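A short write-up of the structure that comes next.
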């Protein structure tokens with residue numbers, strides 16, 4: 001019903017699909033269809049701005065419809081309106097754009113260097129949004145208005161100004177509904193602003209910046225409040241083996257320790273070459289229970305990335321996605337979580353296969369399991385073949401590889417690998433161990449009896465359930481059998497991906513996490 005109304009109300013000559021328009025209804029699952037239609041009609045003036053074919057036009061119209069009045073002249077300028085957003089097809093998410101581009105360049109410079117008409121239009125749209133904010137706040141005493149105006153024609157000249165630029169672009173990213181987007185190596189690309197600065201000078205600016213990023217965290221969150229993907233990385237190895245950090249690295253961690261906010265999340269790249277006091281600062285922050293910084297071992301991650309095929313220089317400049325999958329910063333369009341591989345679902349299907357009743361060893365069951373796994377992977381790869389990147393103008397404009405090639409993200413990014421969420425391996429491993437022990441080793445039950453007990457959820461067999469839960473070793477134990485079995489499943493998965501991927505549709509499963 002809503003889609004039909006949208007099509008009728010769409011201005012003539014504009015081609016659009018109702019599903020491309022966000023209908024920001026109240027979060028009330030009990031609303032009837034009639035109530036939803038009435039809500040849309042009542043608020044149509046808000047959403048009509050999204051029925052424009054050109055994304056740059058839509059972006060500017062969206063901001064014209066927003067309230068852009070500064071409430072506190074002492075705060076950073078940061079506008080997000082959760083009722084005025086739009087999606088593009090296959091929104092790029094779970095990644096990081098290159099914030100250093102807006103810090104070290106003006107929008108006019110970026111626009112003039114571009115030969116791609118769409119990208120030029122997007123830079124122009126951002127300039128027009130700045131002009132719109134300035135016009136709406138004429139006469140304001142906010143110093144941040146001057147910082148905002150400088151984005152048009154100058155590079156940033158101070159740490160506070162650099163933070164304002166990051167926040168401006170970050171708000172655009174969220175407003176166009178690119179979710180779970182990180183902020184990259186903030187201490188690294190802002191290094192020129194902290195040389196010679198003391199902790200006392202930097203700390204209050206960092207705290208205000210982080211608190212501003214934390215605004216609207218409910219709107220930004222995915223499954224859980226605070227799960228926004230706004231990841232800031234600190235520290236890291238340089239290609240010459242030295243370790244990079246600066247006063248900003250310490251200040252960011254200390255700010256999180258003081259503020260005790262669950263978002264943004266901090267990740268510290270660690271190494272044997274890092275200063276002891278930086279690691280101690282991180283551990284004292286973790287000790288408070290705030291949940292970060294997370295620690296990523298460069299001496300493990302970087303060689304593996306290089307072995308996988310990333311260029312060496314890109315490996316040393318890695319960042320991470322929202323579930324900590326590493327990928328090169330500034331030049332990537334890696335997409336994780338586009339589909340799910342459920343190892344446990346496959347195992348439950350195996351338990352219904354009559355062939356397991358004649359199994360003599362656990363290896364017989366594992367062979368059947370791998371047959372089902374191969375079938376699932378081939379089906380998954382056929383789905384991934386259909387994945388397409390959207391135009392993603394804002395992300396293309398702030399990706400160094402796209403700017404260099406003057407192509408949009410779907411073609412211009414240097415790396416465009418796809419990732420799948422893997423789940424259920426711990427459950428599969430525990431189930432296999434239980435089957436092997438109860439049926440084939442201890443021979444407490446036959447396989448028919450054990451499957452019947454499982455089907456009845458251990459009714460009248462609580463002693464057996466207790467034996468499995470308490471006496472058998474489990475996933476997570478430091479046990480060679482568990483480790484070998486887990487690695488066997490993962491290795492076999494990689495082999496089967498290559499077997500199913502005959503047409504090179506899908507290059508790899510990069511990150512299987514649990």
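Where a number appears in this text, it was derived from the coordinates with a stated rule and is not lab data. Note that this is a predicted model, so its numbers are computed, not measured. Don't worry about glycine lacking a Cβ; one is built from the backbone with ideal geometry, like all the others, and counts go over all protein chains shown.
Assorted remarks:
- Counting neighbouring Cβ atoms within 10 Å and putting the fewest first, the residues 471, 353, 71 line up as 71, 471, 353.
- Mean residue ellipticity, 222 nm, helices only, the chain: the sum of -39500 (n - 2.57) across DSSP H runs of n ≥ 4, divided by residue count and rounded to 500, is -14500 deg cm²/dmol.
- In this label model, residue 149 and residue 71 are separated by 2.5 nm, measuring between points 7 Å along each Cα→Cβ vector.
- Full-stretch length increase - residue 138, residue 462 - with 0.36 nm per residue and alpha-carbon distance subtracted: 109.3 nm
- Whole-number D in µm²/s for the chain (Stokes-Einstein; Kirkwood sum over Cα pairs; 4 °C, 1.567 mPa s): 50
- What separates the Cα centres of segment 206-243 and segment 375-453 is a distance of 25 Å.
- Note on segment 95-178: along the principal axes its Cα atoms extend 37, 26, 24 Å, ordered by decreasing extent.
- Calculated FRET value between residue 352 and residue 470, using beta carbons and R₀ = 25 Å, to 0.05: 0.35
- Relative contact order [Cα under 8 Å, 6+ residues apart], segment 95-178, whole percent: 39
- For segment 174-222, the mean projected area of the C-alpha convex hull, equal to one quarter of the hull surface, is 4.2 nm².
- Alpha-carbon Rg/Rh ratio, for segment 292-403, with Rh computed the Kirkwood way: 1.12
- Segment residue 287-residue 492, length gained on full extension (0.36 nm per residue, minus Cα span): 69.9 nm
- Ranked packing of 164-176, 295-307, 255-267, most packed first, by mean Cβ within 10 Å: 164-176, 255-267, 295-307
- Percent antiparallel among DSSP beta bridges (both partners in the chain, rounded to 5): 25
- R0 of 41 Å, Cβ-Cβ distance residue 443-residue 499: FRET efficiency to nearest 0.05: 0.70
- Average projection area in nm² (convex hull over Cα atoms of segment 182-330, one quarter of hull surface): 8.9
- Ranked 142, 100, 158, criterion: other C-beta atoms within 10 Å, fewest first: 158, 142, 100
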